[in-house]
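So the structure is just underneath, and the comments pick up after that.
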Amino acid sequence: MVGGGRGAFIGGVHRMAAALDQQIELVCGAFSSDAVRSRQSGEDLYLDPSRVYGDYEEMIRTEAALPEDVRMDFVTIVTPNHMHYAPANMALEHGFHVVCDKPLCFDLQEARDLVETVYRTGLLFALTHNYTGYPMVKQAREMIADGVLGEIRKVVVEYPQGWLSTRVEATEQKQAAWRTDPKRSGIAGAMGDIGTHAENLAEYITGLKIDAICADISAIVEGRRLDDDGNVLLRFDNGARGILHASQIAAGEENDLNIRVYGEKAGLEWHQMEPNTLEVKYQEAPRKIYRTGVGDLYPSTVAATRVPAGHPEGYLEAFANIYKNFAKCLQARIDGTDVDPLYEDFPSVEDGLRGMEFIYKVIESGQSDQKWIKM
């Protein structure tokens, strides 16, 4: 692991998710840009001190020199955005597969370079757009692909949060400080942090690509340097229309990522804060409620389900589904066997590039008098 030491949030989430299916073991790490803090974090995690490193470069070089049956198999990167590219690229160049938190990189050129490195090395790369791991998200995707909704006409996807309703970054709040800092977050704030989740979810569920956007982007809180609110009109490659709303100043909201998709025959609705439920709405028939673990569900939905119906599955389990699928693919690589295509379902480096292109086009549109910007 690179990053995720003392005081970090997402590193602990990754570790819990990776460990949930007992396919992955944390064996080494460079957990902080501060060597002392990194070693202290290694102690917290009961790791062998000889495999807790002062920086990611030392870790990658040293691990690459170890015998194949001893060294790490892949690297997870859980740093702020500006520190995604360098460790990911170095890991790939030294023969290590990569799991990386989103967004893919600090800027668009880094993202393009990283895609080239992944293609050239042929190694596995997963991006943790964790919301794609929910069973009912997979059910929705399969139903749309199966034609249950008919031709898709309208997509409404929202991600409101309220935690940045005030200028929290002016305090000692670590998560707010780096997310609102252009030097660490990149050109976008809310749109990079959560807008990309909404973009990824819309494309994942529908199977469509966003073709053009028209954006209104704002920094509502006085003194904030990056956007904290945005509203985006979408046009998809099949002609469907859509709306994407992402905000971190929606006071009272927690993490209410939700999506509604409407086709010529039916619509569906899913909410991240009630993830075990998928509602399908028919024009001339009663609505139907699908529940995780209940009834005749698609194989990908079943494969993403761990516990009996009625036992809530949530954020960590969805996150773990990405790690499980990645681990299955990596184990097949190690064993020289074919992998079940069911397990190839995790966000890729190409999805990461799509996310970075979305960020740049949204900011371009938001700063332009031109109405529509092509993706």
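The values are calculated or read from the model by the stated rules, or taken from the named source; none is laboratory data. Note that the structure is predicted; figures quoted are calculated from it, not measured. All Cβ positions, even for glycine, are placed from backbone atoms using ideal geometry, and neighbour counts span all protein chains on display.
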Can you pull out the residues in segment 17-55 that are under 22 Å from the mean Cα position of the chain (by Cα) and assigned to a helix (DSSP H, G or I)?
Ala17, Ala18, Ala19
In segment 162-176, what count of residues is obtained for those that are of a type in the set (A, V, I, L, M), under 13 Å from Gly189 (Cα atoms) and out of contact with any Leu (no Cβ under 9 Å at 6 or more places or on another chain)?
1
In this structure, is Thr166 polar (S, T, N, Q), buried (at least 21 other Cβ atoms within 10 Å of the Cβ) and either in the same structural domain as Leu268 (by TED's automatic domain parsing) or modelled with pLDDT under 95 (or both)?
no
Residue identified as touching a Leu at 6+ places or on another chain (Cβ under 8 Å) and either of a type in the set (S, T, N, Q) or more than 21 Å from Ala198 (Cβ to Cβ) (or both) among Ala320, Ala309, Ala327, Ala332:
Ala320
Just to be sure, is Ser247 more than 21 Å from His82 (Cα to Cα) and of a type in the set (Ser, Thr, Tyr)?
yes
When residues of segment 283-322 are limited to those that are charged (D, E, K, R) and either at pLDDT below 90 or more than 30 Å from Gly12 (Cα to Cα) (or both), the one nearest to the chain's Cα centre (by Cα)
Glu313
What's the total number of residues in segment 171-189 that are under 17 Å from Glu364 (Cα atoms) and either β-branched (Val, Ile, Thr) or in the same structural domain as Leu108 (by TED's automatic domain parsing) (or both)?
1
One residue is enough: does segment 108-124 have a residue meeting the conditions in contact (Cβ under 8 Å) with a residue 24 or more places away in the chain and in contact with a Ser or Thr (Cβ under 8 Å, 6 or more places away or on another chain)?
no
Lone qualifier among Gly195, Gly223, Gly242 - being crowded, with 21+ Cβ neighbours inside 10 Å, over 17 Å from Trp270 (Cβ atoms) and small (Gly, Ala, Ser):
Gly195
Exactly one of Ile249, Ile243 is in a loop (DSSP other than H, G, I, E, B) and touching a Leu at 6+ places or on another chain (Cβ under 7 Å), and that residue is Ile249
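Per-residue answers, yes or no, for (1) in the same structural domain as Lys174 (by TED's automatic domain parsing); (2) closer than 28 Å to Gln173 by Cα; (3) surrounded by fewer than 14 Cβ atoms within 10 Å (Cβ to Cβ); (4) at pLDDT below 95:
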position: Glu25; (1), (2), (3), (4): no, no, yes, no
position: Asp34; (1), (2), (3), (4): no, yes, no, yes
position: Glu63; (1), (2), (3), (4): no, no, no, no
position: Val78; (1), (2), (3), (4): no, yes, no, no
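Could you please give the count of residues in segment 69-109 that are among the acidic types (Asp, Glu) and in a helix (DSSP H, G or I)?
Total satisfying the criteria: 1.
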